[in-house]
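> Sharing a structure with you now.
The values are calculated or read from the model by the stated rules, or taken from the named source; none is laboratory data. Owing to the predicted nature of the structure, the values given are computational and were not obtained by experimental measurement. Here the Cβ is made from the backbone with ideal geometry for all residues, glycine too, and neighbour counts use every protein chain on show.
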Amino acid sequence: MRKSRGNFFVLMCAIAVGTILAVPASAQTQSQTQTVKPKPRMYAYISNWQIPRAHWEEMKSSAVNDNSMLDKAMADGTLVGYGTDENLVHTPDGWTHDSWFASMSMGGLMKVLEQYYNTENATPPVLLTSTKHWDEVVTSRYYNWHSGSYKNGFVSVAMYKLKHDAPDNALEVISGEVVAPLLEKLVTDGTLVEYEIDTEAVHTSAPGSFWIVTVAPQPEDLDKVDDAIRAAIKASPVEGMAFDTVTDWSAHRDELGLGSGTFK
């Protein structure tokens with residue numbers, strides 16, 4: 001989610017990959033002190049919809065009607081989060097709205113999905129107006145959030161694709177050495193509500209894609225993120241492998257949405 005943040009990750013990941021893959025192990029000790037270790041896998045089910053503009057208000061009401069079931073799943077530990085998003089930067093063939101829920105297991109996702117299909121509100125009338133629909137199941141081992149609910153947060157998503165010959169540990173290096181350490185700081189100081197680095201758990205597209213997702217609570221926090229990015233780049237003038245040696249730059253995309261959600 002967003003050109004400015006996307007450009008940051010290009011530069012920062014070049015530093016990370018270059019440092020770990022090009023610098024001798026004896027010289028890596030200091031740079032690795034800030035490494036963020038991977039967490040247990042979290043899974044998320046995302047439903048994307050393209051809804052005609054005339055029905056956007058109906059989508060807001062539909063989302064509220066689902067909350068009771070999702071709150072119960074949160075209370076019993078089946079889910080760790082759920083929410084909805086509205087796209088702010090529209091494209092001719094892209095999504096306008098999405099809904100998502102997250103669990104620490106695939107079984108948890110499928111349990112909630114089954115509950116959806118067994119309810120009278122499984123297919124709200126507004127969804128029948130959609131011109132396109134698709135689902136995704138993603139997984140993450142790098143994530144953090146503030147517990148509780150947020151409303152009208154700014155959800156940024158930056159999508160990248162590794163080249164077929166990228167090192168096996170390229171994404172691990174990108175995540176643990178550079179991206180996650182910065183995002184952890186921004187969550188700690190309240191600039192971000194949540195972040196996660198996702199890959200597909202069910203591959204509906206070619207393997208190798210990953211998504212860097214952040215949620216900023218206020219509009220001005222988007223600028224704070226940009227400031228933190230620039231400061232991080234300035235403080236890490238390490239020369240390394242160019243980012244385009246491990247990623248297919250032509251596949252990069254950004255998204256910016258307005259979202260509301262709840263985390264356990």
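> May I ask you to list the residues in region 185-201 that are buried (at least 17 other Cβ atoms within 10 Å of the Cβ) and over 19 Å from ALA102 (Cα atoms)?
LEU186, THR191
> Also: Looking at region 173-203, which of the residues that are of a type in the set (Asp, Glu) and in contact with a Phe, Trp or Tyr (Cβ under 9 Å, 6 or more places away or on another chain) is farthest from MET110 (Cα to Cα)?
Restricting attention to region 173-203, the residues satisfying the condition of being of a type in the set (Asp, Glu) are 177, 184, 189, 194, 196, 198, 200.
Checking which are in contact with a Phe, Trp or Tyr (Cβ under 9 Å, 6 or more places away or on another chain) leaves us with 184, 194, 196, 198, 200.
On the way: GLU184: 29, GLU194: 23, GLU196: 21, ASP198: 19, GLU200: 16 Å.
Ranking the qualifying residues of region 173-203, first place goes to GLU184.
> Further question: So, MET110, is that one out of contact with any helix residue (DSSP H, G or I) (no Cβ under 9 Å at 6 or more places or on another chain) and either surrounded by fewer than 13 Cβ atoms within 10 Å (Cβ to Cβ) or closer than 20 Å to GLU136 by Cα (or both) or not?
yes
> Take the conditions surrounded by fewer than 14 Cβ atoms within 10 Å (Cβ to Cβ) and either more than 21 Å from THR35 (Cα to Cα) or not basic (Lys, Arg) (or both) and apply them to HIS90. Does it pass?
Values: surrounded by fewer than 14 Cβ atoms within 10 Å (Cβ to Cβ): yes; either more than 21 Å from THR35 (Cα to Cα) or not basic (Lys, Arg) (or both): yes.
The answer is yes for HIS90.
> Right, something else. Can you confirm whether TYR142 is within 28 Å of ALA231 (Cα to Cα), among the hydroxyl-bearing types (Ser, Thr, Tyr), part of a strand (DSSP E or B) and at pLDDT 95 or above?
Details: within 28 Å of ALA231 (Cα to Cα): yes; among the hydroxyl-bearing types (Ser, Thr, Tyr): yes; part of a strand (DSSP E or B): yes; at pLDDT 95 or above: yes.
So TYR142 fits the description; yes.
> Report the residue count in region 60-118 for those that are assigned to a loop (DSSP other than H, G, I, E, B), within 19 Å of GLY153 (Cβ to Cβ) and in contact (Cβ under 8 Å) with a residue 60 or more places away in the chain.
Of the residues in region 60-118, 4 are assigned to a loop (DSSP other than H, G, I, E, B), within 19 Å of GLY153 (Cβ to Cβ) and in contact (Cβ under 8 Å) with a residue 60 or more places away in the chain.
> Here are HIS97, HIS146, HIS164: which of them is under 15 Å from MET59 (Cβ atoms) and of a type outside the set (Gly, Ala, Ser)?
Going through HIS97, HIS146, HIS164 in turn, just one is under 15 Å from MET59 (Cβ atoms) and of a type outside the set (Gly, Ala, Ser): HIS97.
> Take region 202-229 and flag every residue that is in a helix (DSSP H, G or I) and either surrounded by 13 or more Cβ atoms within 10 Å (Cβ to Cβ) or among the aromatic types (Phe, Trp, Tyr) (or both).
ASP221, LEU222, ASP223, LYS224, VAL225, ASP226, ALA228, ILE229
> Ok, one more. Between GLY176, GLY153, which is in contact with a Pro (Cβ under 6 Å, 6 or more places away or on another chain) and either β-branched (Val, Ile, Thr) or surrounded by 12 or more Cβ atoms within 10 Å (Cβ to Cβ) (or both)?
GLY153
> Any idea which residue in region 44-85 is surrounded by the most Cβ atoms within 10 Å (Cβ to Cβ), counting only those that are aromatic (Phe, Trp, Tyr) and under 28 Å from THR199 (Cβ atoms)? Steps first, answer last, please.
Within region 44-85, the first condition is being aromatic (Phe, Trp, Tyr), and the residues that meet it are 45, 49, 56, 82.
Among the residues that remain, those that are also under 28 Å from THR199 (Cβ atoms) are: 45, 49, 82.
Details: TYR45: 24, TRP49: 20, TYR82: 26.
Per the stated criteria, the residue is TYR82.
> Given the criterion at pLDDT 95 or above, out of contact with any strand residue (DSSP E or B) (no Cβ under 6 Å at 6 or more places or on another chain), on the phi < 0 side of the Ramachandran plot and among the small types (Gly, Ala, Ser), identify the matching residue among SER61, SER31, SER105.
Result of the check over SER61, SER31, SER105: SER105.
> So is PHE210 touching a residue at least 60 places away in the same chain (Cβ under 8 Å) and within 23 Å of GLY83 (Cβ to Cβ) or not?
It is false that PHE210 is touching a residue at least 60 places away in the same chain (Cβ under 8 Å) and within 23 Å of GLY83 (Cβ to Cβ).
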